[in-house]
Amino acid sequence: MAEPEPAEPGPRFPAGRRRLVAIAAVVVAVVLGVTLAVVVRSGDEPPGIADGPLLKARAGADEIPAGRIVEKIPDDCGVSEATAARLAPGADPDPEKGGVFRQGGPGKCKWYSLDDGKAECDWCQGDFENERVLDVDISLAEGDRQTPISEAMERLRIGGPGTAPEPGPPQIVEGLGEEAVAHYSTATDMQGASVAFRVGNAVVTVRYRGWDRVRGEEKTISEKVALEGAFAAAAETAKSMGTSARPVVSEVRHPVTPPLPTVPRPCDTVPGKTVDKVARGAERKKGTPYVLAAVHDADLPVEGCVWEAGTPRSPEKGRSRTLTVSIGTARERVPGAGAYTATRHFQGVYRNQRAGEFPTLDTYTGFRPLAGPGDRAFAVIMRARNFAEGDVGLVVFRKRNVLVEVAYQGRDGETELRDRELIDAAYTVAVEIERTLES
């Protein structure tokens, strides 16, 4: 039986060459191991970026009315001759006539009385016993880069046209127009009461002031006399404009909606697991608002926080995600004031966005009301200011006395995320923020 042939001996290398082959084998193994680890990890949760899962933003009903537009100003500002004669005896019966120190005309009415009408001149010099002045100013907002209603609301917030800022918060007035405020001061430039109210885009300011000489000195009329006089004239103006005309001072803002007990700072409102869905591995720092940047009110300060995530490559090839959360908390100066302040600012922003009117030079598109989160909400896209920034998806909502704005933007290389992806990401975060506010 023949024996099998012996195997051919393998090639033999010098000792130095054998060492090189061994080293090469080790290097190949290491590279393969690292590659495999990267592949496995990239299929799991890569650091520095994220893509959901995201909630779908739910459309809601448009329940905020457009508001009334006033086009005609009533004659003599709607104040009757009898009321004018009672408040300013002997005043010129034509309050729109104007004079040396005032413009006059429709919506610019003035009744001036000195010494119960015995003195027949304005700004007379002499030793007189009393003075009474009734001023009514009716201003129609036309809308300058915002809706007429939003502009009128802003005018009323600062006390109405033609009035100097008064120290301290105004008194709350109910039963007059759609919203109203009042001031009383003994300061020389006022010496009486000022009542301002709004009817749609019209803002009415009524000032009733005066003094009586008491023991040789001019004494400003009392708050009771001043407010009763201003309310009497304001009620007639309001009635002539077809709105509520029974003004009373209130200690609370009805309806009294309690404020949220605690409101975290913006950077503390988004859970880590939610951040991981939209901007995993992000760096966190102070941020600035977009839509809420138009809110300028000492009673509603706004703060922001931004999370920035991205791959360490050039903007043309890398991926980036940016989340910005801004929160404004209205102060509760009196019961119900916080929710009232937040509501009127939300409505102003809402109306502007719906009408395509913007106080800034930015461009917004795709406005739509949402069925939450919060008491009222909407979504909108802010178009890119430049290529480097990209479009921004925004969800804005109100929860009692708090306004929340969530902004989201991102790109994969030169490709920006679609509008729907931007809105859904912002909506996902907004839903979690509401849960944080409720906890």
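The values are calculated or read from the model by the stated rules, or taken from the named source; none is laboratory data. Predicted, not measured: the structure shown is a model, and the values here were computed from it. When we count neighbours, we look across all protein chains shown, and the Cβ atoms used for this are built from the backbone with ideal geometry, even at glycine.
Report, by residue number, each residue of segment 372-388 that is touching a strand residue (DSSP E or B) at 6+ places or on another chain (Cβ under 7 Å), more than 16 Å from A425 (Cα to Cα) and either assigned to a loop (DSSP other than H, G, I, E, B) or not charged (D, E, K, R) (or both). Passing the criteria: G374, D375, R383.
Here is the figure for segment 273-287: residues that are outside any loop (DSSP other than H, G, I, E, B) and touching a Gly at 6+ places or on another chain (Cβ under 6 Å) total 2.
Of everything in segment 104-120, what is surrounded by fewer than 20 Cβ atoms within 10 Å (Cβ to Cβ) and either more than 18 Å from S240 (Cα to Cα) or touching a His at 6+ places or on another chain (Cβ under 6 Å) (or both)? Give them in sequence order. G104, D115, D116, G117, K118, A119, E120 - these are the residues of segment 104-120 that are surrounded by fewer than 20 Cβ atoms within 10 Å (Cβ to Cβ) and either more than 18 Å from S240 (Cα to Cα) or touching a His at 6+ places or on another chain (Cβ under 6 Å) (or both).
Taking segment 392-428, which residues are in a loop (DSSP other than H, G, I, E, B) and either at pLDDT 95 or above or out of contact with any strand residue (DSSP E or B) (no Cβ under 9 Å at 6 or more places or on another chain) (or both)? R400, N401, E414, R418 - these are the residues of segment 392-428 that are in a loop (DSSP other than H, G, I, E, B) and either at pLDDT 95 or above or out of contact with any strand residue (DSSP E or B) (no Cβ under 9 Å at 6 or more places or on another chain) (or both). Candidates are the residues of segment 208-224 that are touching a residue at least 12 places away in the same chain (Cβ under 8 Å) and outside any strand (DSSP E or B); the one that is farthest from V173 (Cα to Cα) is I221.
Looking at this structure, is G126 within 17 Å of G90 (Cβ to Cβ), touching a Pro at 6+ places or on another chain (Cβ under 7 Å) and small (G, A, S)?
The answer is no for G126.
The set of residues from segment 154-181 being among the polar types (S, T, N, Q) and either modelled with pLDDT of 90 or more or in contact with a helix residue (DSSP H, G or I) (Cβ under 6 Å, 6 or more places away or on another chain) (or both) comprises just one member, Q171.
Of the residues contained in segment 34-57, one or more are found to be outside any helix (DSSP H, G or I), in contact with a strand residue (DSSP E or B) (Cβ under 9 Å, 6 or more places away or on another chain), modelled with pLDDT of 95 or more and surrounded by 14 or more Cβ atoms within 10 Å (Cβ to Cβ).
When segment 94-121 is filtered for residues that are modelled with pLDDT of 90 or more, in a loop (DSSP other than H, G, I, E, B) and either in contact with a Cys (Cβ under 6 Å, 6 or more places away or on another chain) or closer than 26 Å to L140 by Cβ (or both), the ones remaining, listed by number, are D94, P95, E96, G105, P106, G107. Do we have any residue at all in segment 364-373 that's over 24 Å from R58 (Cβ atoms) and surrounded by fewer than 22 Cβ atoms within 10 Å (Cβ to Cβ)? There is no residue in segment 364-373 that is over 24 Å from R58 (Cβ atoms) and surrounded by fewer than 22 Cβ atoms within 10 Å (Cβ to Cβ). For segment 313-322, check the following and say yes or no: at least one residue is crowded, with 17+ Cβ neighbours inside 10 Å and either of a type in the set (A, V, I, L, M, F, W, C) or without any contact (Cβ under 8 Å) to a residue 12 or more places away in the chain (or both). There is no residue in segment 313-322 that is crowded, with 17+ Cβ neighbours inside 10 Å and either of a type in the set (A, V, I, L, M, F, W, C) or without any contact (Cβ under 8 Å) to a residue 12 or more places away in the chain (or both). Checked against (1) modelled with pLDDT of 95 or more; (2) among the basic types (K, R); (3) out of contact with any helix residue (DSSP H, G or I) (no Cβ under 8 Å at 6 or more places or on another chain), R313 passes all but a single condition, namely (1).
Remark: V79 matches the filter, which requires a residue to be at pLDDT 95 or above, of a type in the set (A, V, I, L, M, F, W, C) and touching an Asp or Glu at 6+ places or on another chain (Cβ under 9 Å).
Report yes if some residue within segment 222-231 is surrounded by 19 or more Cβ atoms within 10 Å (Cβ to Cβ), over 24 Å from the mean Cα position of the chain (by Cα) and under 30 Å from E142 (Cβ atoms); otherwise report no. Taking every residue of segment 222-231 in turn, at least one turns out to be surrounded by 19 or more Cβ atoms within 10 Å (Cβ to Cβ), over 24 Å from the mean Cα position of the chain (by Cα) and under 30 Å from E142 (Cβ atoms).
Candidates in segment 327-363 are the residues that are modelled with pLDDT of 95 or more and among the aromatic types (F, W, Y); of these, the one that is farthest from the chain's Cα centre (by Cα) is Y340. Counting only residues that are part of a strand (DSSP E or B), under 14 Å from the mean Cα position of the chain (by Cα) and closer than 20 Å to N352 by Cβ, segment 288-326 holds 3 of them.
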